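Everything below concerns the one structure shown next.
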Amino acid sequence: MPSFVRPRIRSLPSSARRLAFRLMAMLALSVGMLGGGAAHAQGADVPTAWRLLDYVAVDYAGAVADGKVKSASEYAEMREFGASISERIAALPPSSAKGGLVAGAARLRSLIAAKGQPEDVAWLAHGLAADLLKAYPIPLAPARAPDLSRGATLFAQNCASCHGMNGDGRGADAAKLATPPIAFADIGRARQRSPFALYQVILQGIDGTAMQSFGSLPSDDRWALAFYAGRFAFTDAMATVGERIWKGDASVRARVPDLTTLAGLTPQALAGQFGQPEADAVIAYLRRHPEAVTQPAAGSLTVARAKLAQSVAAYRAGDRLTARELALSAYLDGFEPIEPTLTARDATLMGHIEGAMGEFRAAIQQGRPADELATRVQVLNGLFDDADAALSPDAASSASTFLGAFTILLREGLEALLIVVAMIAFLRKGDRTDALPYVHGGWIGALLAGGATWAVATYAIGISGASRELTEGFGSLLAAVVLLSVGIWMHGKAQADQWQRYIRERMSHALSRQSSWFLFGLAFVVVYREVFETILFYAALWTQGNGGMLLAGAGSAIALLGLIAWAMLRYSRDLPIAKFFTYSAWLMAALTVVLAGKGVAALQEAGIIDIAPLAGGLRISMLGIFPTWQSVAAQLAMLVAVAAGFTLNRRRAVATAR
C-alpha cells in the first residue's frame with residue numbers, strides 16, 4: 001500500500017478504516033490478477049494470508065474465552081480476518097494442495113464463528129499456515145546471519161517510541177494510540193512468534209493499527225529488526241543456559257540446522273521436543289547469536305574433520321608446529337566434548353577414535369610422509385561417520401541411557417570407593433575412630449566440590465577439553481604418588497610384630513593434625529577426580545532426554561557400590577591384622593599402577609606429553625592400559641617402585657626378626 005495513503009486511512013473511524021483497508025486489499029488483488037497473473041497473486045497473497053493466520057493464532061485468546069466473547073471489537077476483527085484468510089487462499093493459483101487449504105480455511109472460519117476454544121483455533125491456524133508455506137513456498141530466511149547491532153539501531157530509530165526501548169509496549173507515544181502497541185517482552189506471546197512472523201509484520205504492517213509497513217528497508221535490515229525484537233522476552237540468563245545446551249547437545253543442533261529453520265521456529269514448537277525452559281533458553285541464545293546456526297558448534301565432529309584437514313594442509317606446507325596444534329585442537333575442541341556421550345553409546349568406537357587421533361598426532365611428531373597422514377585422516381573420517389550414527393537422536397534409547405549411567409558411575413566410583421573404604425577400615429582396625437571425620441569430610445567435600453563444578457560448567461562457564469584432561473591427568477598422578485607411599489607403608493606393617501610396635505609407638509597417641517589433614521586430602525583428591533569425570537559423562541547423557549532412566553541407572557550403581565562398601569567393611573573386621581595390611585597394600589599398589597597409566601594418557605590427550613604409539617598394544621582403559629610407550633613406561637616405573645618398596649620392607653622385617 002502506498003505510504004501516502006496509510007496516514008489518511010488511519011484518521012478514519014475504526015469501522016470505516018477496516019472497510020477502507022478491505023477495499024484497498026480487494027483493489028490490489030484485482031490489479032494483481034489482471035496484470036501479474038498467478039505468480040503475482042502467489043507473491044502477494046501467500047505472505048499476507050500467512051501473517052493473518054499467525055495473528056489469529058496468537059490474538060484470538062484475547063477475543064474469546066470459554067465460548068464467550070471477551071472483547072467485541074477483537075472478536076469482530078477475528079471474524080474479519082477469518083473471512084480474509086478464506087478469500088486470499090481461494091484466490092491462490094491452482095495447486096494439488098489448494099483444496100485442502102480452502103477446506104482448512106473454512107473450518108477455521110466456522111470455528112471462529114462458533115466461538116471455539118483459543119487452543120483449538122491456534123492449533124488449526126498454525127497448522128494451516130504451515131501447510132500454506134509447503135504448498136506455496138516463499139523466502140523464509142535471511143541470506144546471512146542478521147546483524148543484531150544494526151537491529152538495535154533500527155529499533156531505537158523506528159520502533160522504541162511506541163514499543164519502548166525494552167520492548168515492553170510502553171514507549172513515549174504508546175498512550176496516544178487507539179490500539180496498544182505489541183509488548184515484545186510478553187513471554188507468553190513471544191513463545192508463539194517466530195522471527196519470520198515479525199519479519200512479515202515489519203514488511204507489511206498491520207492493517208487497522210499504527211503499525212506501518214517498513215517495506216522500504218532492505219531485506220537484511222528487516223531481518224535484523226525482526227531478530228532484535230524477538231529477543232526481548234528472553235533474558236540474558238536464559239541465553240547463557242541456552243548456549244550451554246546448544247553447544248553440548250547434538251540433538252538440539254540437529255533440530256535447528258540452518259537459518260531457514262531458525263527463522264520459522266517458535267519457542268512453543270521447540271518445547272514440544274525439549275521442554276519449555278530448555279526451548280526458551282535455546283531460542284534466547286540463538287536470537288542473540290543467529291550466526292551460531294551457520295557455524296559448526298564446538299564439540300562436533302564437523303570441527304574435528306575440519307581441523308584434521310587443515311592439519312594435513314599445514315603439514316604439506318612444511319609448517320609442522322601448526323599442523324600439530326590443529327591436530328590437538330581437532331581432539332580437544334572437536335572430539336573430546338562429545339567423548340562422554342559416545343562412550344555411553346559405543347565405548348569401543350570411542351577407544352578406536354581416541355587411539356587413531358593420538359596416532360595421527362604421533363605421526364606428525366615423527367615426521368611421517370604427508371600421504372600417510374592423509375590416509376590416517378581418511379580412516380578417522382570413516383570412524384567419525386560411525387560416530388555420527390551412534391550419536392544420532394534416533395540411536396538414543398532408554399536401555400542405552402540406563403546402561404551408560406550404570407556402568408559410568410560403577411566404573412568411576414569403584415576406584416574411589418576402594419581407597420576410601422580401605423582408609424576407613426584401617427582407622428577402625430587401629431581403634432582411631434577419632435580420625436574418621438577427616439576421611440568422611442574429604443569425600444563429602446569432594447562431592448560438594450563436584451556439585452559446584454557442575455553448576456559452574458552449566459550456568460557460568462564451559463569447561464574446555466584441555467581443562468578436563470589436565471584435571472584428570474594431574475589428579476590421577478597425584479593420587480598415584482600418594483597411594484604408592486601408602487601402599488608401601490601398609491606393606492611394611494603387614495607383619496604382626498611390626499603392627500604391634502606401631503600401635504605402641506604411634507597409635508597410642510592421637511593422630512597429629514597434619515596426619516589427619518593428610519587423610520582428608522587423600523580422600524578428597526581420589527573422590528573428586530572420579531566425581532569430575534562422572535559429571536562430564538552425566539551432563540552429556542542428561543541432554544539426550546531419558547532422564548528417568550539415567551536416574552535409575554545411577555541409583556542402581558549407587559546401590560551396588562554401597563553393597564561393595566558394606567562387604568569390604570564387614571569382612572575386613574574379621575581379617576587378621578597382618579592379612580588386612582597385606583591385602584590393603586596390594587590393593588593400593590594395583591590402584592597406583594592404574595592411576596599412573598590414566599594420568600599419563602590424559603596428559604597426552606591434553607598435549608602436555610608426547611605420544612609414541614606402541615604397535616600391537618592393548619587398550620584397557622579401566623586398568624589404565626593404553627597403547628603408548630609413555631603410559632606403559634609410567635606403569636612400569638610404578639611397578640618397579642612398588643617392588644623396590646616391598647623388597648625393602650621384607651629385608652627390614654628379616655633384619656628386625658634377627
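Quick notes on this structure:
- Answer from Arg144, Arg150 - the residue that is modelled with pLDDT of 90 or more, under 34 Å from the mean Cα position of the chain (by Cα) and of a type outside the set (A, V, I, L, M, F, W, C): Arg150
- Where a residue in the range 558-571 is farther than 18 Å from Phe402 by Cβ and of a type outside the set (S, T, N, Q) and its partner, wherever it lies, is assigned to a helix (DSSP H, G or I) and modelled with pLDDT under 90, with Cβ under 7 Å and at least six apart: Ile564/Leu417; Ala565/Leu417; Ala565/Val421; Met568/Val421; Met568/Ala425; Leu569/Val421; Leu569/Ile424; Leu569/Ala425
- Given (1) of a type outside the set (Ser, Thr, Tyr); (2) under 27 Å from the mean Cα position of the chain (by Cα); (3) modelled with pLDDT of 90 or more, number of the condition Cys162 does not satisfy: (2)
- Applying the criterion of being of a type in the set (Gly, Ala, Ser) and modelled with pLDDT of 75 or more to the residues of the range 388-404, the residue that is surrounded by the most Cβ atoms within 10 Å (Cβ to Cβ) is Ala390.
- Qualifying positions in the range 351-386 - over 13 Å from Ala612 (Cα atoms) and among the hydrophobic types (A, V, I, L, M, F, W, C): Ile353, Ala370, Leu373, Ala374, Val377, Val379, Leu380, Leu383, Phe384
- Phe196 vs. criteria part of a helix (DSSP H, G or I), at pLDDT below 90, surrounded by 14 or more Cβ atoms within 10 Å (Cβ to Cβ) and not small (Gly, Ala, Ser): yes
- Looking only at the range 540-555, and only at residues there that are in a helix (DSSP H, G or I), within 20 Å of Pro277 (Cα to Cα) and of a type outside the set (A, V, I, L, M), the one that is modelled with the lowest pLDDT: Trp542
- Residue match in the range 172-192 (condition: loosely packed, with under 15 Cβ neighbours inside 10 Å, at pLDDT 85 or above and within 27 Å of the chain's Cα centre (by Cα)): yes
- Scanning the range 246-262 for residues that are β-branched (Val, Ile, Thr), assigned to a helix (DSSP H, G or I) and surrounded by 18 or more Cβ atoms within 10 Å (Cβ to Cβ) returns a single hit, Val252.
- The set of residues in the range 337-358 that are buried (at least 20 other Cβ atoms within 10 Å of the Cβ) and touching a strand residue (DSSP E or B) at 6+ places or on another chain (Cβ under 9 Å) contains only Gly358.
- Only one entry of Pro146, Pro142 meets the criterion of being touching a Ser or Thr at 6+ places or on another chain (Cβ under 8 Å) and either buried (at least 16 other Cβ atoms within 10 Å of the Cβ) or in a helix (DSSP H, G or I) (or both), and that entry is Pro142.
- Residue match in the range 166-173 (condition: assigned to a helix (DSSP H, G or I) and in contact (Cβ under 8 Å) with a residue 40 or more places away in the chain): no
- Only one of the numbered conditions (1) surrounded by fewer than 22 Cβ atoms within 10 Å (Cβ to Cβ); (2) in contact with a Lys or Arg (Cβ under 9 Å, 6 or more places away or on another chain); (3) not polar (S, T, N, Q) is not met by Pro267, and that is (1).
- Taking the criterion of being free of Cβ contacts under 8 Å to residues at least 24 places away in the same chain and among the aliphatic types (A, V, I, L, M), the residues of the range 45-77 that qualify are Ala63, Ala72, Ala76.
- Apart from one condition, Ser329 fits all of (1) touching a Leu at 6+ places or on another chain (Cβ under 9 Å); (2) free of Cβ contacts under 8 Å to residues at least 60 places away in the same chain; (3) over 23 Å from Arg411 (Cα atoms); (4) buried (at least 20 other Cβ atoms within 10 Å of the Cβ); the exception is (1).
- When the range 53-76 is filtered for residues that are open to solvent by 20 Å² or more (accessible area, probe 1.4 Å), within 22 Å of Ala130 (Cα to Cα) and at pLDDT 85 or above, only Ala61 remains.
- Yes/no for Leu380 being closer than 24 Å to Lys247 by Cβ, at pLDDT 90 or above and either open to solvent by less than 50 Å² (accessible area, probe 1.4 Å) or within 22 Å of the chain's Cα centre (by Cα) (or both): yes
- Single unsatisfied condition, Phe234 versus (1) among the aromatic types (Phe, Trp, Tyr); (2) within 15 Å of Ala197 (Cα to Cα); (3) open to solvent by less than 20 Å² (accessible area, probe 1.4 Å): (2)
- Residue count for the range 53-76, restricted to those that are of a type outside the set (A, V, I, L, M, F, W, C) and touching an Asp or Glu at 6+ places or on another chain (Cβ under 8 Å): 3
- The residue that is farthest from Thr343 (Cα to Cα), among those in the range 614-641 that are modelled with pLDDT under 85 and in contact with a Ser or Thr (Cβ under 8 Å, 6 or more places away or on another chain), is Leu614.
- Across the range 115-139, the qualifying residues are those that are in contact with a Ser or Thr (Cβ under 9 Å, 6 or more places away or on another chain) and not in a loop (DSSP other than H, G, I, E, B), and the one among them that is most open to solvent (accessible area, probe 1.4 Å) is His126.
- One residue alone among Gln212, Gln273, Gln310 is touching a residue at least 60 places away in the same chain (Cβ under 8 Å) and open to solvent by 50 Å² or more (accessible area, probe 1.4 Å), and that residue is Gln212.
- Considering the range 588-613, the residues that are more than 34 Å from the chain's Cα centre (by Cα) and at pLDDT 75 or above include one that is farthest from Val481 (Cα to Cα), namely Ala590.
- Residue in the range 269-278 that is at pLDDT 85 or above and in contact with a Pro (Cβ under 9 Å, 6 or more places away or on another chain) present: yes
- Test for Arg361: is it in a helix (DSSP H, G or I) and open to solvent by less than 30 Å² (accessible area, probe 1.4 Å): yes
The values are calculated or read from the model by the stated rules, or taken from the named source; none is laboratory data. The shown structure was predicted, so the numbers you read here are calculated from the model rather than taken from an experiment. Using ideal geometry, Cβ is built from the backbone for each residue, glycine included, and neighbour counts are taken over all protein chains shown. We work out accessible area using only protein heavy atoms, side chains counted, and drop any ligands, DNA or RNA first. Shrake-Rupley method; radii C 1.70, N 1.55, O 1.52, S 1.80 Å.
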